[in-house]
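Have a look at the structure below, then the notes.
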Amino acid sequence: MKPEFELFDRREFFGVVAKTAAVIGLAGGAEAGAEGQGTANPFAYDISRFQKTDPKLIAYEEVTRWPIPHKDARRLAIGPDDQLYVCAGNYINCLSRTGQRGLELALAGPACCVAVARDGAIFAGLRDHIEVFDSKGGRVARWESPDPKTWFTGLAAGGNDVFAADARKLVVLRYDRTGKIAGRIGRKDAARNVPGFIVPSPFLDVIIHRDGLLRVNNPGRHRVEAYTFDGDLEGAWGKPTAAIEGFCGCCNPIGLTALADGRIVTCEKGIPRVKIYSASGEFESVVAGSESFPENAHACTDLNDCIHGGIDAAVDSDGRIYILDIVTSDVRVMKRKG
Amino acid sequence: MDAKPPVNGSVTRRQFLRNGARLMTMTGLGVAAGALATRSTGAAWVWQIDPAKCLRCGNCATQCVLEQSAVKCVHAYAVCGYCQLCTGFFWPEPNELTTAAENQLCPTAAIKRTYVEDPYYQYSIDEQLCIGCAKCVEGCNRFGNGSLFLQIRHDRCLNCNECAIARTCPGEAFRRVPVEHPYLLKTTSR
């Protein structure tokens, strides 16, 4: 039995000292670590709640993903045979429904937008002009723009008309199939109650809807506008907010496409997301939320501003939605769940 | 005729005093020149924030030795998009696009929104109210052109030898700049 006040022997003494030192060291380390991390920024600009999408709202799932052949992608379009046309760099590439590479069109400069008519004619929008190709890639014509400052960022091809969205001159040009300008749509005109496009970054898009009207995004006003081919404004919808039902940031949406039943698919940057609205503008569901585009979202959190991010979308005859991520240079194929 | 050196390296009293006087004179001149040079350096360089490196961390509002930081938000009007929905001015989810307090992002309401023409608005900074927290800078950079950015205002800055904000700046955005060019201004959105 040990005496009540027995002194430590040497081994016991060193053991106690070592344990005490370890406890002090751990406590000190933890404190130092806390200091090193610093305190949370009391002035943080927090949008994290908008970067996660309620799963109940997501109606689509990714089927597959294809890398595109060239960097610096801008837009994509669907042809009459459900082939996908992607403009990236100085090229327009045709991809089959399975992602196989087909026709490649080399252009004189960066391709900004593309559209394909029912007869297979391919319209490639370069910054300041349009080049026309037949379905086999033969160059047919070159259509000049009326203004040297033109910056085409969206194209739509109908039976007799081609519509070209000029993000710099804030107008949609209506060309006939011979390349003659037949009208100008969307210019500010108080007499026609047209408020004018506001396009802070180069993303003006145009589509031809099944109802016979055009849909044009007006990103600075955070809405989608409906015009007749003659330029009469028939309606508009959209709400400026980062919440899921609206359009976020300074200027969204940046891209449009439509499902066969007339619902509108919108693309946004900043908080990159693809959503579906009814033809009259009621929010319906999400195709892909911000969490699906981490690299694209990061394009706007970097030290640069948010002109480098962006996405575009197109719909095939089966209702599959193709999403072009211009940051990761890939196409995601989305199919409705269930 | 040359004077003979002292034997065994010894010096005369006269030589000793002469050498001592020379040494004191040189030392005094050196000290004066040094002090002049130091003072000159202190006045010729001032602290400034490189907007390209700023991470909008909030330290500028909390770390400055002044009660209200010498760092202020400034606005490059040539870069600004004059947006109706300015993400530097509005909360990400505003009730409506008005100047009502609940819609404003700035904790001190230091940004003034003025109507220009449909749908453009001008945004200006009230420096008396700005605390340099960079909340608006983050909003503007994240979604807009990045026309709002932070700068040290030299009518307030004490130009401390060791800047308390620079010491904690995670982006190492603080640097010394010549007093002739005391600001690092943005001229483009990139």
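State whether one or more residues within segment A:139-149 are under 25 Å from A:G310 (Cα atoms), touching a Ser or Thr at 6+ places or on another chain (Cβ under 9 Å) and not hydroxyl-bearing (S, T, Y). Scanning segment A:139-149 turns up no residue that is under 25 Å from A:G310 (Cα atoms), touching a Ser or Thr at 6+ places or on another chain (Cβ under 9 Å) and not hydroxyl-bearing (S, T, Y). When B:C86 is tested against (1) under 23 Å from A:V199 (Cα atoms); (2) under 15 Å from the mean Cα position of the chain (by Cα), just one condition goes unmet, and that condition is (2).
For segment A:192-205, the criterion of being crowded, with 19+ Cβ neighbours inside 10 Å and more than 14 Å from chain B (Cβ to nearest Cβ) is met by at least one residue. Between B:D126, B:D118, the distinction of being at pLDDT 95 or above and farther than 25 Å from A:I271 by Cα belongs to B:D126 only.
Of the residues B:V116, B:V177, the single one that is within 21 Å of B:L55 (Cα to Cα), more than 12 Å from chain A (Cβ to nearest Cβ) and in a strand (DSSP E or B) is B:V177.
Table: residues versus (1) among the aromatic types (F, W, Y); (2) under 20 Å from B:C54 (Cα atoms).
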position: B:E67; (1), (2): no, no
position: B:C73; (1), (2): no, yes
position: B:C80; (1), (2): no, yes
position: B:F89; (1), (2): yes, yes
position: B:E93; (1), (2): no, no
position: B:A101; (1), (2): no, no
position: B:A109; (1), (2): no, no
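Considered as a group, the residues in segment B:89-105 that are crowded, with 20+ Cβ neighbours inside 10 Å and touching a Phe, Trp or Tyr at 6+ places or on another chain (Cβ under 7 Å) include one that is farthest from B:L184 (Cα to Cα), and that residue is B:P92. Condition test on A:E284, is it within 18 Å of A:V315 (Cα to Cα) and either within 13 Å of chain B (Cβ to nearest Cβ) or polar (S, T, N, Q) (or both)? It is false that A:E284 is within 18 Å of A:V315 (Cα to Cα) and either within 13 Å of chain B (Cβ to nearest Cβ) or polar (S, T, N, Q) (or both). Residues satisfying the criterion are absent from segment B:68-87 (criterion: within 10 Å of chain A (Cβ to nearest Cβ), out of contact with any Lys or Arg (no Cβ under 9 Å at 6 or more places or on another chain) and closer than 18 Å to A:N41 by Cβ). Checked against (1) surrounded by fewer than 24 Cβ atoms within 10 Å (Cβ to Cβ); (2) part of a strand (DSSP E or B), B:F149 passes all but condition (1).
If you filter segment A:239-267 down to residues that are of a type in the set (D, E, K, R) and away from every other protein chain (no Cβ under 14 Å), you find that the one that is nearest to A:E282 (Cα to Cα) is A:R263.
The rows are residues; the columns are (1) assigned to a strand (DSSP E or B); (2) of a type in the set (G, A, S).
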| residue | (1), (2) |
| --- | --- |
| A:L173 | yes, no |
| A:T178 | no, no |
| A:A191 | no, yes |
| A:S201 | no, yes |
| A:G212 | no, yes |
| A:E225 | yes, no |
| A:G231 | no, yes |
| A:E234 | yes, no |
| A:E245 | no, no |
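The values are calculated or read from the model by the stated rules, or taken from the named source; none is laboratory data. Predicted model, so just to flag it, every value in this text is computed and none were measured. Don't worry about glycine lacking a Cβ; one is built from the backbone with ideal geometry, like all the others, and counts go over all protein chains shown.
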